[in-house]
Each structure stands twice: as C-alpha cells, then as structure tokens.
Amino acid sequence: MALNYGMNLILGCCGCCSAFRPRYKRLVDSIFPVYPQDGLVKSNMEKLTFYSLSSPEKLDRIGEYLYQRAAREIYRKKYGFVIIAMEAMDQLLLACHAPTLNLFVESFLKMVQKLLESTEPDLQILATQSFVKFANIEEDTPSYHRRYDFFVSKFSAMCHSGDTKDVRDKIRTAGIKGLQAVVRKTVSDDLVENIWEPVHMDKIVPSLLFNMQDSSFHKEPPHGDTIPEDSVDPPMLAETCMRELVGRASFGHIRAVLKPVLRHFDLHKSWVPNEFAIHTFRIIMFSIQAQYSYTVVETLMDHLDENAKSSPTIRTSIAEVLSKIIAIAAGESVGPSVLEIINSLLNHLRDSVKNGTIQAEERQYQEALINALGEFANHLPDYQKIEIMMFIMSKIPFPLVDNQTPADNMLQSILLKSLLKVGTKYQTIHFNTTFPVSFLEPLLRMSLAPDPEMRLLVQKIFHTLLDRHGNLEKLHKPTLNIVDSDLNVEKSSRPDLIFINKHGPTIYDALYTSLQMDSNTPDNIEAIYTTLGLLCVELASTETVIDLLQLLLGIQNLALNSTTLSYAQKFNLHALVISLLVLISDVMNIQSLSDYSSRLIEARREEASYCLPEMLTQYPAHCESISKMPHLLVDQMAVCEYLKASGIDPSRLAQTSPYGAGGPGAIAGSQRHSWMEAGARGSIMEIPSVHEVDSAASSPGVTRKLPEEGLSFESMKKVLSEPPEIRKESEAEKRKQISHTFRTATFSELVRLTQPKHDLLQNKLNEIFKSLTTAESSSTTDDPKKLSKCEESFPELFYY
Amino acid sequence: MDDYKFLFKVVLVGNAGVGKTCLVRRFTQGLFPPGQGATIGVDFMIKTVEVGNEKVKLQIWDTAGQERFRSITQSYYRSAHALILVYDISCQPTFDCLPDWLREIEEYASSKVLRVLVGNKIDRDDREIPTQVGEEFAERHNMYFLETSAKESDNVERLFMQIAEDLMKQARMTNVPRYDPNNYNVDPASQDSGCCSRLN
Ligand SMILES: Nc1nc2c(ncn2[C@@H]2O[C@H](COP(=O)(O)OP(=O)(O)OP(=O)(O)O)[C@@H](O)[C@H]2O)c(=O)[nH]1
Ligand SMILES: [Mg+2]
C-alpha cells in the first residue's frame, strides 16, 4: 500500500528524484500523510505556511502544485488526500497577507472548481465551504479579470440537486451558501463582477425561490433573521439569502431581481394558490431599501398588465398579492407615485370591465383590485385619501343616464365601490375638509344616477364619511325604537354648522329628488334614512332640525301626491317619515314631539301598520293610501306647536315648503320657483363671485393650498364689501338665465328624462348644480349679521 | 490529467423524457442509468476528450425538460458554445415542440452557438418520426443532425466528439485570444473567438 503510493508519487512527478525537487514541492509533499485517514501532517503544514510567508513569490507555484496533486488524487478517487489538499489550501489562504494573496487565489479557485466538477457530493460540499471562506476574505486589490460565471452556474445547479433526500439537502444547502458567498464577494464592487447582470440573477433568484417554496413557509422563523449559519434547512437558508440579496439591491438592480421572481411564479404556477407568492413578496418588501418599495408595487402592476390575457383567477391572485404588500409601500410613497399607483389600479379596473363583466372570476379580480386600492389608501395620511377620492371621482364617466352600456354602468359602480373602499378608511373630523365642493358636487350628482344600485353605493359613501361617532350600525335600518339604541350624540361644532348651513339645502334637495325615483327599492329608501339619520345625529342643532322637519314634511307630501311612485314606495316613504320623526325628537330631546310620534305610531299600528317599518317591496292588496286619514299623518301645525312649546322658533317650518309635491302631475318647476321667490332662503345668485370661486375650486385635482385659500377669502371679502345693488345689477343677466333653466326643467324632471340627449341633460345638470352651489352659498351669507359673526370667529372657514 | 487546451460549454435541451440525461450519462460515465428520474433544474457533468492530440474539456449542462424550470434553464443558454436539441423518435409531440425550442434558443442563446438536432431512442421499434423528417427539419433550420440511442450507445460518442471537433475547428479558424484559466468567459458571442476559450 505504502509502497504503491510512493511509486505513484514518483511517477506523478515527471520521474524526478524527490531529493532533487524544489523545496516548495518537498514541503507540499510532506504535508500528506501516508494514510489519508491520519489527516494533514500538522507540523509540516506549519513549515509550509512559514515558508510561503517568508517567500511569498513562491505562492503561485505552491498553489499550482497543490492543485496538481489534488487533481491527481481526484482522478484516482483518493478523496482523503483531496480533502487534505483542500485543507492546506484553506490554511494558506487565511495565512496569506493582502499583497501576495492574488498570486495564490487563482490556483485556490481552480482547485475549488476542480472539486465542484467532481460528481462526488462530499467534494462539492467541501469545495463550497472553501469558497465561502474565500468570500469572507477582504481583498485590497480586487482582481478585475476574475469571473464567477462557473460558480454561479454550478451553485445554482446544486440548489436543484435531485439526489436522494439526505444528500440532496446537503448539496442544496451548499449551493445556497455558495450563491450567498458569490453575492457577498461581488456585490460591493461592480467592477469585479456585476452580479446583478441578468445572466447571474436569472440563475440565482430561481434557485433561491425553488428552495424557499419547498419550505413550510407559513412558519415564520422563530426569531426573525437569527438562523444559524450552519443550518441545513435549505428553505430557511434560501430565504435568508434572498433577504440579503434584496436588501443589497440598489435602485438600478431591483428589476433584475424582480423579473426572475415573476417568471418563476408564472412558470411554477405559484400564483394560484398564492400563499407562497404573498410570503415571498412580503419578504421582498421588508428587505428592500424602503425608498424602493414603490418599485416592487409598480413591477407587480406591470405584471398584471402582462397577464391581461391570463385567466381571471391568476389575475385575482396577483392582485391579492398586490393588496397584501401595497400597504407596506404606502408609507414610503410620496407625491406623484401615490396617484400613479391609484391610476394604474383604476386602469386595471377599467380593462377588467372591458374584458367582460359577467363572469364571477372577473368580479373577484375586480374585488381584489378594489381591496388593493383600499389597502393602499388605508396607509396614506388622511389628506391624501381625500385627494384620492376626488381623483377616483374624476375618473367616473359621465353622464349617468339610463341607456348607457352595461360596461359603462359596471365601470361606474366599480369606481364607486373603490371610492367607498377608500371612504371607509378615512376618518372624518370636519365635514368641510371631507366634503370640498369639488367632491360633494359630483357625489350628489351621482346620487341621482338612474341605476338604483349606484344610488345605493353613493349613499353608502355618504354613510361612511358622515358617521364620526359610530352610529352607523344603529341607524342602518329605520326603527321606531331608536331610544333603545343609545345613540352617541355630541354637540356639533361651529365649523360643522357652517358646513350644513352652506351645503344643507343642496344635500337635502338631492336626497329628496332621489326619493322621487320610481326605481327605488326599500334598500334605497332605507339608505336615505341612514344618511338623514346620520346628518341629524352629527349636526344636531335647532337649525338642522327645522331643515330636517321641513324635508320630512316634503317627503310626506311626496308620498301623498306622487303619481309616479308605486304604492309600496309610498308606504316606504311614510315609514321613513315616521322613523325620522322619532329620531329627531330623540336626538333633540323634545319630549312632546316624542309623545306625538308615539301616538302616530300607535294609530298607524291600528289602522295602517304598512306605513311603519319594516319596508317591503310588496304589500297586501287591501293596503290603501292614508291620504284620507289625516290623523295618521304628520301634521305641520302640530309639529310647529311642539317646537314652539320647547322654545324653538318654528316660523321657518310654517312657511311654504321648499319641496315640491313631486311627480309630473305637480311639476316641481313652479313650486320650486315659488320657493326661490319666497325668500325663505334668499334668492339665488346673491353673491356671484362666490360662484366663481366655487367652480374654480371644484375642478378635479386642484388641491386646496394656502394661496388659493387667500384668493378665495379675498374675493369673499370683496363681495361682502360691495354694495348689494351693484352686485345685483351686474348679475341680473346671469340670474335671468338661471331662473329660466329652473322654469323650463326641474332637477327631478331632468333626472327622470330618458331621451338620449345626453349632452343636453348633462349640461343642464351641470348648470343646475352650479347654480345650486351658488344658492346654498348665498344662504350662508343671506343674513348679514350671522355672516359677520361667523366671519369674525372663523374667517378661515370662509374660503369655501 | 488536467492540462486541457480547450474548454467548451455544451447545453442539452428538449422535452422532458426524451433522454437528455441518459445521453450525458452514457457519454460521461459509459452507462445507461436504470430508472433515471426527471432532472430538476440543471445538472452538471464534465468530460475531457482528445481531439487529434489536443485535450478538450467539455462542460455539459443537462437541463430539465419540464416547463416549470424554464426560467433557470434558459439562463444557461447564453454561455453555451453548443446546444444539443433532443427529441424522442418514438414520440411525435417531442418533435412537434421543436419550433418552440428553436424560438427559445433564438431568444436566449448566442447567435453563434453550434446547434445540433438529435433524435434519440432509435433502439425502439415504435418509431413515429422517420429519419428523413428529422433530417429535413435540421437542414431547414441550419442544424447538424444525428440519431442516437443512449440505451444501445449508438452514436452517443460520435455526437459529442463531433461537437468537440467542430468547435475546435471554429476556434482554430478564428484568432484565439490568450486563455486566462479563471476567465470563465461569460458570453461566447462577446469574444472574437466566437465560441471557445483556449488554454495557453
Ligand atoms: N429505449 C430507450 N429509452 C431511453 C433512451 N434514452 C432514455 N430513455 C428512457 O427515457 C426516459 C427518460 O430519460 P431521461 O434521460 O431521464 O430524459 P430527460 O430528457 O433527461 O428528461 P428530463 O430530465 O425530465 O428533461 C427514461 O426512462 C430512460 O430510460 C434510449 O436511448 N432508448
Ligand atoms: Mg434529465
């Protein structure tokens, strides 16, 4: 045996007699024991190390000779000697000092490669360990010509080892560690090797993912990143490596990492189910340098684009992944990127609607997108939420008419759903910040859409934005026992009262008009109850109460006189009226009014229980109108009495109602006109410049910033300082026009129009809304005393 | 034993089950592995051969045919000097997929890569693709063509030797730059040699 070895050695050394061979060769030979199991001859190894340190110029030859020996032993399958050779290499590498290191590294890496090329798992693992040691050494002068292509290729192949389970895990672990080492070695210096090149990333990333996906990924590592380095759990290790890789990626490199990630999920069909994708993307989001997290969102959205033709199930899954990570990005997104993300999500929604709207899968996809939108908005500051709501609003296609295509309808309702989603994430503090005119106006306009579903959505948006005190659940359905639900009522603030003074009429009018729609279901009517209830609770004041009672009586008239509403709808309205009366008397704590409503309820229970909640779509045939039974109706005079008795001035309520009886039989035009002239609310167009300011502020996308506020306030002041005569004169013409519009077509009438004159309708609606805005503006300023008082106290509120 | 003069990278592609791994094992280890399982990702083998009097080292990257590994396997095309596209002569679908494979090669491999079409499993008696059909396809797409049997060891040696010879001929024809043993030539297309690296 020993003899044999000696013979081989002599043969292997070109026949030279060992005595005449160079010193370095003899030193190298001396580190090998006779029997490999005896291991490295330590004392001789020390001599070799000492020699190479004192004669560093010999290092390259020592390295080359060691390599030759190892290669020979591999060929002979004497792996014990190979291991010893590698160990010697490792020791020399660590002992070498910086300037001479380069001489040695070449043969060191050649040796590592030689071992990696062997089919022997143990040698591959050994080689990897040596490579890791090498990667941990800091080199002063990196070797620019050194390339790691082979190592990346081989380590990646090892990551996919298909050996038997035991060997497999060891090889895979080695592969991952090898990749980690290459990355660490190269990442800091692009000149050495640009590890971010696709040729490398396209190998590294799928190799890591392939191992990660084998893990029981739902189990988070017990203590974050504290996985021991020598762990033999390939999935964990791959995950750690992935975190490190992503964490080191600078902006220019992110896509090089993300692209193969997305491809991997496509090819491995890992979008459905998407647990692993979510897991991976969360890892990416948490590891990536925060300022780049937006790029991940963007890339994922681009990927949705690329999957436009994929099944909706896949798109849904991708969108779900998006919704799971988008919140993480929200914190870092600033300025235009926010609207870009929103815009992109909305575009995807639009495309989806184009795809076809009926399939359940496509709907799920839309839901997922809307969820993503909501998640994103949820993590933005409130002021941006308003911006987003206005932005979404600006994307909703007008006009809203009966005969639009189902796709139009779908898009509108989907955008409204998105709006609702964002709305639920928003916490209202002051109504005037939540409802700038540019938001309120289109929202009210949409509350009159021909499609009852859409109207319902708009009411829901109002609900979520109005409800500041958690009363929504309690006001969800009309009830006669509101006392039991223990409403949370807080005294309303002045800014709120100013808001409702200014916008109340517009809002009430829209609600009233919406009740005139003959396509209303009980859901629609109940939703309006909720809106009115919330307004009442949130803005409880004598002013508001009078307004609400006025509206309430108007609604009762509508129920009595309308020729278009069905019996069921009329009964629903009566139920709405009585429920509101109960609510108002409770919120305002007017006992006599409470008692009055109780008596009415009692009477109705006896004679017309169908005029009480709950609201139905159909009633038995014997149910008949209660117009002939005045004792069942809310009596205007009686209400005035009770108000007066509790110290509230009811004079405004006693005047002619601003609400027409509704229905073509009593064209609201004339009535509405008389309301305008009755002066109860002042006439329209009192303050023209306010109108201008408002329309400027209502252009979508315009954010209210300080200079604008100044401007608005300025113009307001100017208006106030001008004598009314001049104002009236200068605006006489305009007023005439508007009045004309009011005479020729009423709000509700316009809405009911079904002729395909979209433009005309649209224009008129716009005109009327503009004028209404002005009308309610004027109502705030109608009373000069009140105005000046408010202006003194809250000048900043007057820019609206 | 390790002083090779040329290093070539050879990549095998083709549908799952056509016998890529068997071809490689037959060539590198001289055996036909019983119950060879599907390749996962990429496998690596090395074999040094002698052409004329020169030693040529072949780095053989055996890719998985399964579609889910396409992302990792494609990343190996780029540095290949030769691509062996394999189909199974007893399985029509593996032949029908060839145009798809060519498209991938077109997209991911160097334009100068040596392409060889191989119809494997000629030992089988349920042939579906006549030799002539394979030959014509290869001709049409400017590829070498060979039929093999990994099982019976038919043409396997010849296949790889032919590739080694051809690549060496190409390498000699062009102006070969001095070889740096550690410069593992990332992109064959980016070098003047076009397709090989040479040891000094
Ligand atoms: N009769 C015959 N069978 C063969 C031949 N070559 C391979 N096979 C068989 O074909 C099957 C697949 O062989 P593999 O070499 O694993 O095929 P592959 O192309 O590597 O497949 P993937 O790794 O999945 O891409 C095995 O059952 C082999 O025994 C051959 O030349 N003749
Ligand atoms: Mg295989």
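The values are calculated or read from the model by the stated rules, or taken from the named source; none is laboratory data. Because the structure is a prediction, the values reported are computed rather than measured. In this analysis, Cβ positions are derived from the backbone assuming ideal geometry, glycine residues included, and neighbour counts consider all displayed protein chains.
Residue-by-condition table, conditions (1) within 14 Å of ligand 1 (Cβ to nearest atom); (2) at pLDDT 95 or above:
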{"residue": "B:Gly19", "(1), (2)": "yes, yes"}
{"residue": "B:Gly41", "(1), (2)": "yes, no"}
{"residue": "B:Gly52", "(1), (2)": "no, no"}
{"residue": "B:Val56", "(1), (2)": "no, no"}
{"residue": "B:Cys97", "(1), (2)": "yes, yes"}
{"residue": "B:Trp101", "(1), (2)": "yes, yes"}
{"residue": "B:Val116", "(1), (2)": "no, yes"}
{"residue": "B:Lys121", "(1), (2)": "yes, yes"}
{"residue": "B:Asp125", "(1), (2)": "yes, no"}
For the range B:126-144, state whether one or more residues are in contact (Cβ under 8 Å) with a residue 60 or more places away in the chain and away from ligand 2 (no atom under 16 Å from the Cβ). no
Single match in B:Gln132, B:Gln92, B:Gln66 (criterion: surrounded by fewer than 20 Cβ atoms within 10 Å (Cβ to Cβ) and either away from ligand 1 (no atom under 16 Å from the Cβ) or hydrophobic (A, V, I, L, M, F, W, C) (or both)): B:Gln132
For B:Gly37: the one exception among (1) within 15 Å of ligand 2 (Cβ to nearest atom); (2) within 21 Å of B:Phe137 (Cα to Cα): (2)
Criterion first (crowded, with 24+ Cβ neighbours inside 10 Å, more than 12 Å from every other protein chain (Cβ to nearest Cβ) and in contact (Cβ under 8 Å) with a residue 40 or more places away in the chain) does B:Val56 satisfy it? yes
Residues of the range A:308-327 that turn out to be under 15 Å from A:Arg350 (Cα atoms) and either within 16 Å of the chain's Cα centre (by Cα) or touching a residue at least 40 places away in the same chain (Cβ under 8 Å) (or both), as a count: 5
Matching residues, the range A:229-266, being among the hydrophobic types (A, V, I, L, M, F, W, C), within 27 Å of the chain's Cα centre (by Cα) and within 14 Å of chain B (Cβ to nearest Cβ): A:Ala256, A:Val257, A:Leu258, A:Val261, A:Leu262, A:Phe265
Do we have any residue at all in the range B:31-39 that's within 12 Å of ligand 1 (Cβ to nearest atom), over 13 Å from the mean Cα position of the chain (by Cα), buried (at least 19 other Cβ atoms within 10 Å of the Cβ) and within 18 Å of B:Asn155 (Cα to Cα)? no
Scanning the range B:40-62 residue by residue, those within 17 Å of the chain's Cα centre (by Cα), among the β-branched types (Val, Ile, Thr) and either within 10 Å of ligand 2 (Cβ to nearest atom) or over 21 Å from A:Ala71 (Cβ atoms) (or both) turn out to be B:Val42
Would it be correct to say that B:Lys5 is more than 12 Å from ligand 2 (Cβ to nearest atom) and out of contact with any Cys (no Cβ under 7 Å at 6 or more places or on another chain)? yes
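A quick yes/no check of all residues on (1) buried (at least 21 other Cβ atoms within 10 Å of the Cβ); (2) over 14 Å from A:Tyr529 (Cβ atoms):
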residue	(1), (2)
A:Asp547	yes, yes
A:Ile555	yes, no
A:Ser566	no, yes
A:Asn589	no, yes
A:Ala608	no, yes
A:Tyr619	no, yes
A:Lys628	no, yes
A:Cys640	no, yes
A:Asp649	no, yes
How many residues, within the range B:75-100, are within 16 Å of ligand 2 (Cβ to nearest atom) and at the interface with another protein chain (Cβ under 9 Å from one of its Cβ atoms)? 1
A:Glu473 more than 26 Å from A:Ala559 (Cβ to Cβ), in contact with a His (Cβ under 8 Å, 6 or more places away or on another chain) and in a loop (DSSP other than H, G, I, E, B): no
Of the numbered conditions (1) surrounded by fewer than 17 Cβ atoms within 10 Å (Cβ to Cβ); (2) within 14 Å of chain B (Cβ to nearest Cβ); (3) modelled with pLDDT of 90 or more, A:Asp60 fails exactly one; give the number of that condition. (3)
Do the conditions hold for B:Phe27, that is, is it buried (at least 17 other Cβ atoms within 10 Å of the Cβ), touching a residue at least 12 places away in the same chain (Cβ under 8 Å) and either on the phi > 0 side of the Ramachandran plot or away from ligand 2 (no atom under 15 Å from the Cβ) (or both)? no
